[in-house]
Amino acid sequence: MIVLLLGAGLIVRFAHWVGARRRRWIDHQIRKQIESGAVASEGLKRSRAISEAVEWTAVALTSFIGAILAFDRLGVPLTTLVAPATVVGIGLGFGAQQMVGDLLAGFFLFAEHQFAFGDVIRLSVPGQTVGITGTVEELTLRVTKLRTAQGELVVVPNSALRQVTNLSKDWSRAVIDIPVSVSEDLEHVTAILREVVTHMATDARWSDLLLGDPVVAGVETIDVGYVQLRLIARTLPGRQFEVAREIRLRAATALRSADVASPSIGDSATHGA
């Protein structure tokens with residue numbers, strides 16, 4: 001019995017070692033892709049999530065089989081454990097419904113490829129567009145761990161995931177609304193913005209992140225004292241935020257250089273509200 005338990009412990013430690021080594025290799029490959037300006041491939045992100053699931057499955061099976069064999073070596077008939085195991089199973093079933101729901105939800109997360117390690121996702125209430133946004137740092141059969149932009153680690157049971165918005169699946173889109181005073185020549189401002197996005201599309205630093213040239217869609221909304229001009233850029237998955245910040249910086253600089261007046265303070269406050 002002691003040898004069986006020691007063997008099971010060694011197998012568990014070996015499974016953890018192999019899983020950690022595999023994840024370190026995947027993390028290294030992902031960092032190389034990101035540092036080269038590319039995006040982490042879906043295959044690598046999915047492989048990392050699957051490696052964690054396989055590791056914990058192997059640990060659970062090894063522990064269970066080791067315990068059964070240990071009881072057998074002690075001479076305890078396995079049939080005598082059926083009744084107590086049934087009672088314990090019923091008790092655990094009532095007491096661990098949440099955990100069972102987490103495991104089932106985690107299984108479908110893997111099966112349906114909803115998101116993976118490294119994806120930027122937003123968790124929210126169904127029907128809402130606001131919620132917690134962060135990068136998936138760990139995905140297991142039971143919980144999902146997110147790292148927010150403020151550095152907070154959010155742990156969410158998989159059964160509590162009601163609405164998940166994947167912001168880095170296949171491709172992303174940066175949408176920028178720029179307020180302009182109605183007293184300005186809108187055609188002139190639109191021409192300035194088109195020149196801004198054209199120069200950005202030819203910039204070697206940003207062209208690799210763009211999937212096509214950014215476009216000036218035109219007037220999006222009209223309000224008291226100002227209008228909103230919308231710019232749209234299709235980007236690599238997960239890179240829409242930095243592209244949007246760069247477009248805002250270039251647009252603000254170009255409009256200021258062209259002496260284009262921004263909306264008044266009162267109008268801006270109204271817009272912000």
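Assorted remarks:
- Criterion violated by residue 236 - all others in (1) at pLDDT 85 or above; (2) surrounded by 15 or more Cβ atoms within 10 Å (Cβ to Cβ); (3) within 27 Å of residue 134 (Cβ to Cβ); (4) of a type in the set (A, V, I, L, M) satisfied: (1)
- Identification of strands (runs of 3 or more DSSP E) wholly contained in segment 159-225 with 3 or more residues that are of a type outside the set (Asp, Glu) and more than 30 Å from residue 109 (Cα to Cα) yields 172-181, 215-223.
- Residue, farthest from the chain's Cα centre (by Cα), within segment 23-51, restricted to residues that are of a type in the set (D, E, K, R) and at pLDDT 75 or above: 24
- Put simply, of 138, 195 the only residue that is crowded, with 16+ Cβ neighbours inside 10 Å, touching a residue at least 12 places away in the same chain (Cβ under 8 Å) and at negative phi is 138.
- Residue in segment 115-128 that is in a strand (DSSP E or B) and surrounded by fewer than 15 Cβ atoms within 10 Å (Cβ to Cβ) present: no
- Taking segment 150-177 as the range and being more than 26 Å from residue 215 (Cα to Cα), touching a Gly at 6+ places or on another chain (Cβ under 7 Å) and either in contact (Cβ under 8 Å) with a residue 60 or more places away in the chain or exposed (fewer than 14 other Cβ atoms within 10 Å of the Cβ) (or both) as the test, only 159 passes.
The values are calculated or read from the model by the stated rules, or taken from the named source; none is laboratory data. If you're wondering where the values come from, they're calculated on a predicted model, not measured in any experiment. Here Cβ is always computed from backbone atoms with ideal geometry, including for glycine, and neighbour counts include all displayed protein chains.
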